[in-house]
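Student: Dropping a structure here in C-alpha cells format, bear with me for questions.
The values are calculated or read from the model by the stated rules, or taken from the named source; none is laboratory data. These numbers come from a predicted model, not from an experiment. Cβ placement follows ideal geometry from the backbone for every residue including glycine, while neighbour counts extend to all protein chains displayed.
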Amino acid sequence: MKKTLAYKPQSAWQIYAGAQERKKMEALAARYIDFLTRCKTERETVDYVRERLSQAGYSEDFGAKSGNGRVLRPLRGKALFAARRGKEPLGKGLALIAAHADTPRLDLKQRPLVEQPGVAQAKTHYYGGIRKYQWLARPLALHGVIIRENGQSLSVSIGEKPGEPVFCIADLLPHLARKQSAQTLSEAFEAEKLNIILAHSPKVEKKAKNEGKDAPGEAVKEQLLDLLHKKYGINEEDLITAELQAVPAGPARFVGFDKALVGGYGQDDRICVFTALEALLTAKDGPRNRAVIFWDKEEIGSDGATGAASRFFQYCVEDLARAWAPGTPASHVLLRSRALSADVQAALDPDFQEVHEKQNAAQLGYGPCFSKFTGSRGKYGASEADAEFFGELRGLYNAKGIPWQSAELGKVDLGGGGTVALFLAAYGMQVIDLGPAVLSMHSPFELASCADLYATLQAYRAFLEA
Ligand SMILES: [Zn+2]
C-alpha cells in the first residue's frame with residue numbers, strides 16, 4: 001500500500017482480503033473456538049499447551065534430553081515455560097512471548113454449601129475484575145479439582161457436555177427490583193449474593209414415622225451431599241481443600257452473519273496463549289532462541305507462586321543457561337532478552353465511545369495493538385517500552401505487511417490497567433505490550449475479531465523468527 005505523510009491504521013480485513021488468506025483465517029478461528037471451548041481454567045489451558053508441546057517433541061528434561069533444543073516446564077499445572085533453541089548463543093538473549101492463562105470467574109468458597117429456602121447453594125468469592133450482574137441468570141459450569149484426604153486428585157468438569165446439568169445464580173425479578181434499580185451498581189449487586197444454585201430436591205426419609213412431616217432443616221443440602229458422595233465419592237470436608245471455579249457454561253461461537261467475530265469466555269488472555277503457542281510451534285528455524293511463558297494470577301495482580309511476580313521464570317532461564325550455554329550467567333540472558341507482553345487491549349466500544357480517546361484507542365479488526373506503556377493516572381505503576389524497541393518492531397511488521405495499531409487503555413485519568421510487562425522489565429529486558437483488541441472484556445462472552453486473531457499469530461511468529 002502506498003504511504004501518505006499522514007498516518008492511518010490499516011484494516012486487517014483489507015490486508016487479508018484474498019480468498020486463500022480468508023480460508024486460513026476461518027480455519028484458524030475454528031480451531032481457536034475449539035480451544036476456548038475446551039480450556040476454561042488455567043489448569044485446563046496449561047494441560048492443553050503441555051499436550052501440544054509434548055506432541056511436538058518438547059521435553060521436560062532440561063539436561064541431556066534437551067539436545068533437540070525443545071524444552072518445557074509446567075509449574076503446579078497452572079503456569080508453563082517453554083523454549084526452543086536457535087542458532088545464536090543463548091547469551092544474546094531470548095525472543096520471549098508472555099501471556100496469562102487465568103481469567104475472571106467465581107471461585108467456590110472453602111466452605112461453600114448452604115441451604116436457603118428451596119435450594120442448596122454454593123457461596124462464592126469472585127476472582128479478578130468482574131461486573132457482578134453479568135453472572136446472574138445465566139448457565140454456569142463447574143471446573144476444578146478436589147483433593148481427597150489421601151492426596152488423591154479428582155478433576156471436575158460439569159455443565160459443558162450436552163445432557164449435563166448446569167448451575168445458576170438467580171436474579172431479582174423486575175417487579176420487585178424497584179428499590180434496587182435506584183441503587184448504584186456496587187450497592188445493587190453484592191458479592192455475598194453471588195450464590196450458585198446446586199440443587200433443589202430435599203432428602204426424603206422413607207421410614208413410616210416421618211410420613212407427613214416436613215423435611216428436616218437442611219434436607220436439600222443433605223440430598224446434595226448424598227449425590228456428591230455417589231458421583232465423586234466425596235464428603236463436605238473434601239470441598240474445603242478443593243479448587244472449584246464457576247465459569248460460563250457452553251461453547252465459544254462465531255458471532256455475526258459474516259462469522260467475522262469470535263464470542264466466548266476467557267479470551268483475555270487465552271487468545272494470546274493460543275496465538276503465542278501456534279507461533280512457537282509453526283515458526284521457521286532461525287537464529288534467535290525463543291521462549292514462551294504462560295502465567296497464572298495476572299487477573300489478581302500476578303502475586304503467588306504461579307504468577308509473574310514469582311521467581312519461576314528466572315529459575316527456568318537459569319536452568320536453560322546451564323543446559324544450553326554453560327558459563328553464561330542467566331542475568332546476561334535476561335538482560336539481553338526481548339519480550340512481547342502478550343495481552344489483550346480494550347476495543348473501542350461502539351456504544352460507549354465516550355470512555356475512549358478515539359485517536360489512541362484500539363479498534364477491532366485493525367490488527368494486534370501495541371501499548372507502549374501500561375499503568376494509570378500519570379503513567380503510575382507502568383513499565384514503558386523504549387522508542388528504539390517499538391520502532392524496530394514497527395519496521396519489522398511494516399516490512400512483512402502485518403497490520404498493527406497503537407493504543408492506551410481509555411482516556412487519561414479515567415482508564416488504565418496493568419499487564420505482566422513490568423515483571424519482565426524488572427530484568428532490564430526490552431518489553432512491549434502487543435495483543436488483539438477485545439470487546440466486552442472480562443465479561444462471560446468476550447468478542448474478538450477473526451482478522452485480529454489471524455494478524456496476531458502472524459505478528460508473534462514474525463517476532464520469534466526475526
Ligand atoms: Zn489480560
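Student: Hey, any hits in segment 102-111 for a residue that's crowded, with 22+ Cβ neighbours inside 10 Å and touching a Gly at 6+ places or on another chain (Cβ under 6 Å)?
Tutor: yes
For (1) at positive phi; (2) hydroxyl-bearing (Ser, Thr, Tyr); (3) touching a His at 6+ places or on another chain (Cβ under 8 Å); (4) assigned by TED's automatic domain parsing to the domain that holds Gly86, each residue gets a yes or a no:
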position: Ser201; (1), (2), (3), (4): no, yes, no, no
position: Leu224; (1), (2), (3), (4): no, no, no, no
position: Leu228; (1), (2), (3), (4): no, no, no, no
position: Glu237; (1), (2), (3), (4): no, no, no, no
position: Val255; (1), (2), (3), (4): no, no, no, no
position: Lys259; (1), (2), (3), (4): yes, no, no, no
position: Leu277; (1), (2), (3), (4): no, no, no, yes
position: Asp285; (1), (2), (3), (4): no, no, no, yes
position: Asp296; (1), (2), (3), (4): no, no, yes, yes
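Student: Another question, then. When you scan segment 292-344, how many residues do you find that are in a loop (DSSP other than H, G, I, E, B) and either of a type in the set (Lys, Arg) or crowded, with 21+ Cβ neighbours inside 10 Å (or both)?
Tutor: 12
Student: Being assigned to a strand (DSSP E or B) and of a type in the set (S, T, N, Q) is the filter here; which residues of segment 64-116 pass it?
Tutor: Just the residues of segment 64-116 that are assigned to a strand (DSSP E or B), to begin with: 70-75, 79-84, 94-100, 105-116.
The answer is Gln110, Gln116.
Student: Of the numbered conditions (1) within 16 Å of the ligand (Cβ to nearest atom); (2) not assigned by TED's automatic domain parsing to the domain that holds Phe423, Arg111 satisfies every one except a single condition; which is it?
Tutor: Of the numbered conditions (1) within 16 Å of the ligand (Cβ to nearest atom); (2) not assigned by TED's automatic domain parsing to the domain that holds Phe423, the odd one out for Arg111 is (1).
Student: Is at least one residue of segment 433-449 in a helix (DSSP H, G or I) and in contact (Cβ under 8 Å) with a residue 12 or more places away in the chain?
Tutor: No.
Student: Being touching a strand residue (DSSP E or B) at 6+ places or on another chain (Cβ under 6 Å), in a strand (DSSP E or B) and either over 22 Å from Leu96 (Cβ atoms) or among the aliphatic types (A, V, I, L, M) (or both), is that true of even one residue in segment 24-37?
Tutor: No, segment 24-37 contains no residue that is touching a strand residue (DSSP E or B) at 6+ places or on another chain (Cβ under 6 Å), in a strand (DSSP E or B) and either over 22 Å from Leu96 (Cβ atoms) or among the aliphatic types (A, V, I, L, M) (or both).
Student: A further question on this structure: Within segment 250-291, track down each residue that is away from the ligand (no atom under 16 Å from the Cβ), part of a helix (DSSP H, G or I) and among the β-branched types (Val, Ile, Thr).
Tutor: Matches in segment 250-291: Thr282 only.
Student: Within segment 347-359, can you find the residues that are surrounded by fewer than 24 Cβ atoms within 10 Å (Cβ to Cβ) and in contact with a strand residue (DSSP E or B) (Cβ under 7 Å, 6 or more places away or on another chain)?
Tutor: The answer is Leu348, Asp349.
Let's see how each residue does on (1) crowded, with 22+ Cβ neighbours inside 10 Å; (2) not aliphatic (A, V, I, L, M):
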{"position": "Ala387", "(1), (2)": "no, no"}
{"position": "Lys400", "(1), (2)": "no, yes"}
{"position": "Gly416", "(1), (2)": "no, yes"}
{"position": "Leu434", "(1), (2)": "yes, no"}
{"position": "Leu447", "(1), (2)": "no, no"}
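Condition check ((1) of a type in the set (Val, Ile, Thr); (2) over 20 Å from Glu278 (Cα atoms); (3) within 21 Å of the chain's Cα centre (by Cα)) across all residues:
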{"site": "Glu357", "(1), (2), (3)": "no, yes, no"}
{"site": "Gly367", "(1), (2), (3)": "no, no, yes"}
{"site": "Asn398", "(1), (2), (3)": "no, yes, no"}
{"site": "Gly401", "(1), (2), (3)": "no, no, no"}
{"site": "Tyr427", "(1), (2), (3)": "no, yes, no"}
{"site": "Gln430", "(1), (2), (3)": "no, yes, no"}
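Student: Condition first: within 15 Å of Leu96 (Cα to Cα) and within 16 Å of the ligand (Cβ to nearest atom). Can you find one or more residues in segment 458-466 that meet it?
Tutor: yes
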